[in-house]
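Right, one structure below, let's go through it.
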Amino acid sequence: MSNPHHPPAVGVLDQGPELTFPPGFLWGAATAAYQIEGAATEGGRTPSIWDTFSHTEGRVVAGHTGDVACDHYHRMPDDVRLMAEMGLKSYRFSVAWPRVQPNGSGPANQQGLDFYGRLVDELLGHGIEPWLTLYHWDLPQPLEDAGGWPARDTAARFADYAQLVADALGDRVKYWTTLNEPWCSAFLGYGSGAHAPGRSDGADAVRAGHHLMLGHGLAVQALRASRPQAQLGITVNLYPVTPATDAPADVDAARRIDGLANRFFLDPVLRGSYPADLTADLREVTDFGHVHDGDLAVISSPLDLVGINYYSRHVVAAPVEGAEPEPYWRAPSCWPGSEDVRFVTRGVPVTDMDWEIDAPGLVETLRRVHEEYTDLPLYVTENGSAFVDAVVDGRVDDVDRLAYFDAHLRAAHEAISAGVPLRGYFAWSLMDNFEWAWGYTKRFGMIWIDYDTQARIPKSSARWYAEVIRRNGLAAQ
Ligand code: IFM
């Protein structure tokens, strides 16, 4: 086993004093529409940028697509039953924009809305709080054809779509996330091109990031007006960024990457401004002429909560001659204005994504957001790990994933003890699914999916998590 954190074995959680979480802590699991639903051409759904991208040769490992995925669209009641058996208090899912508003504009597609209506009712019927994400990367293809997120109009289209969803589901859904991980949509989608729509232009990536946040702000205003009881937030993927050494050049590299990865979104949304050092770093890339008067006031519209997705840490250094080729998320084109910063591998244990396992980084991240940015309730809206799993005698004993969750839940508890108003935690992911450019080759789920038969097998981590939820905590080590 490659993970140094050895949690108590499944079934022996009953010993020792408890690390108890606050009453009402929202224990959940998360998924996203394109990653699990399948039924890509059913019920009036039209193509998104991920349909186009995954059907383009060479974009996704082994030519995998989300056409069928976990077939959740047809198996939804069974999947909700599995959630209930785990004792989940909440389920975070996303709505596929092209399913409910084909082509990204115009009237709603009732069949699409009905699917999510049935999902919400099924969840509520099992006592599970629905947590709805409006945008988890599936932009309707016609909107991309009209310019995509680098085009300002896409922000207005997003707010219209948000309103359609709120009109249909706002009577039953309390928790709303506008965007999931806008860094990925902007910098992987339009910077490196590793994600859909696969474009690669630094200025477009920066514009996309701004218009995503503008769409978020417009959607918040629309939802706030029509659904005043709703709890509204955004989900950002954050990383502690550490310089490899104390050398000033390494410290400056960390400042730059922190600017692009974290502060690019945190500052506009929570402070209503772009950081001055970031705009200076991007001077060669864009003059920020796409930022109109009043945009930042819209972007910083008041929220009720902040969602944080945490997976790993970035360790960076000043450039050196002849640096090695980098994995996709370190590609220079992801980091306009900082292309020559070097990402450093420390040799600590990694997941199957090659992401360093760094649970203390979760404490750092949560404390930073609370101490530097906001008193709002925080939620870990995603945290999890890919590992290579195997079915042995009908069971999947995913000890590494279980250890990852265990270590990060201890970190979450530590953050709460340090005063962070952390109100919930969503494991990523409920089930194995389509891991974007990696297709089905990376497994993040607590539930194993057999993609040939669509059989589901709850892994050891699912049973362990069920026990954590039942006792609202873990045994202290
Ligand atoms: O699978 C993704 C998810 O869609 C967004 N957050 C990170 C996960 C793991 O890469």
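The values are calculated or read from the model by the stated rules, or taken from the named source; none is laboratory data. Predicted model only: the values in this text are computed from it and were never measured. FYI the Cβ positions are ideal-geometry reconstructions off the backbone, even for glycines, and counts take in every protein chain you see. The protein model used for the area step is the full one, side chains on, heavy atoms only, and it has no ligands, DNA or RNA in it. Shrake-Rupley method; radii C 1.70, N 1.55, O 1.52, S 1.80 Å.
A few comments on the model shown:
- Given charges at beta-carbon only (K, R positive; D, E negative), |dipole| of region 353-442 in Debye: 280 debye
- Cα coordinate range in region 143-273, projected on the principal axes (Å, largest first): 54, 33, 23
- Projected label points at Asp246 and Asp340, each 7 Å from Cα along the beta carbon direction, are separated by 2.6 nanometres.
- For Lys459, a cut-off of 26 angstrom between C-alpha atoms picks up these lysines, skipping any fewer than 8 places away in its own chain: Lys89, Lys442.
- Between the listed residues Ile257, Val420, His210, the Cα displaced farthest toward the positive end of the dipole of the chain, a dipole computed from Cβ unit charges relative to the Cα centre, is found at Val420.
- At the listed q of 0.15, 0.17, 0.18, 0.26 Å⁻¹, the Debye profile of region 309-382, built from one uniform point per Cα, gives log10 I(q)/I(0) equal to -0.66, -0.81, -0.88, -1.21.
- Region 124-218: relative contact order in percent, alpha carbon pairs under 8 Å with at least 6 residues between: 35 percent
- With contributions of -39500 (n - 2.57) from each DSSP H run of at least four residues, the per-residue ellipticity at 222 nm computed over the chain stands at -10000 deg cm²/dmol.
- Here the alpha carbons of the chain define both size measures, Rg and Dmax, at 21.0, 62 Å.
- Mean separation of Cα pairs under 8 Å and 6 or more residues apart, divided by the residue count, gives region 132-185 a relative contact order of 68 percent.
- Taking all protein chains as they are arranged and a probe of 1.4 Å, the heavy atoms of Glu371 leave approximately 110 Å² accessible to solvent.
- When you filter the trypsin sites (Lys or Arg not before Pro) in region 267-376 for DSSP loop state and at most 16 other Cβ atoms inside 10 Å of their Cβ, you are left with Arg283, Arg346.
- Residues whose amide H lies under 5 Å from that of His195, counting only those 5 or more places away or on a different chain, are Gly189; hydrogens are built 1.01 Å from N in the peptide plane.
- Charge dipole (Cα centre; +1 on Lys/Arg Cβ, -1 on Asp/Glu Cβ; no other charges) of the chain amounts to roughly 1020 debye.
- Proximity of backbone amide H atoms, modeled 1.01 Å from N, is registered between Phe387 and Asp352, Arg443 at under 5 Å, excluding neighbours fewer than 5 places apart on the same chain.
- Restricting the calculation to Cα atoms, every distinct pair contributes to the Kirkwood radius of region 307-465, found to be 17.3 Å.
- Taking θ as phi - 60° and the Karplus parameters 6.51, -1.76 and 1.60, the scalar couplings of region 438-447 work out to 8, x, 8, 7, 10, 10, 10, x, 8, 10 Hz in sequence order, x denoting glycine and proline.
- Distance in nm between pseudo-label sites at Ala280 and Ala146 (7 Å out along the Cβ direction from Cα): 3.9 nm
- For region 228-235, the Karplus equation 6.51 cos²θ - 1.76 cosθ + 1.60, evaluated at θ = phi - 60°, returns couplings of x, 7, 5, 9, 10, x, 10, 10 Hz by residue, with Gly and Pro reported as x.
- Electrostatic dipole magnitude of region 289-426 [Cβ: Lys, Arg +1; Asp, Glu -1; Cα centre; debye, to 20]: 300 debye
- Integer Hz, Karplus 6.51/-1.76/1.60 couplings in order for region 157-163, x for Gly and Pro: 4, 4, 5, 4, 4, 4, 5
- Farthest toward the positive end of the dipole of the chain, out of Trp97, Gly148, Trp438, is the Cα of Trp97, where the dipole comes from beta carbon charges about the Cα centre.
- Nitroxide proxy distance, nm - points 7 Å out along Cα→Cβ at Ala455 and Thr56: 3.8 nm
- Look at the dipole of the chain built from charges on Cβ: of Val348, Gly170, Gln35, the Cα furthest out on the positive end belongs to Gly170.
- Segment Ser417-Asp393, extension gain: residue separation times 0.36 nm, minus the distance between their alpha carbons: 4.5 nm
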